[in-house]
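Accompanying notes for the structure given below.
Values in this text are rule-based calculations from the coordinates and carry no lab data. Remember, it's a predicted structure, so these values are computed and weren't measured experimentally. Glycine also receives a Cβ, built like all others from the backbone with ideal geometry; neighbour counts cover every protein chain displayed.
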């Protein structure tokens, strides 16, 4: 069983993150990500920040053969402070659907 834990930096380096995931997709059973944003929208309401507000949903698209779990730490907060919008910040775990692990 192979396990990866990675800080996503809020998706600021999204293309590199997705490239890393694609390179390791076949060999990894569990991906754990820190600094993951979750929002129901991809609107660029966060000024001066290049984060992906819907990073969790973007990761779900790439990890189709995995079950995704999101655990928020804070709501309405970006890297540079409070945001008046529907966004949360936390961690995510993706477990391969064929994994023998029982949750």
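Brief remarks follow.
- The range 1-41, Rg to Rh (Cα coordinates; Rh as Kirkwood inverse mean 1/r): 1.00
- Distance in nm between pseudo-label sites at residue 13 and residue 27 (7 Å out along the Cβ direction from Cα): 1.9 nm
- Full extension of the chain between residue 4 and residue 40 gives 10.3 nm of extra length, using 0.36 nm per residue less the Cα-Cα distance.
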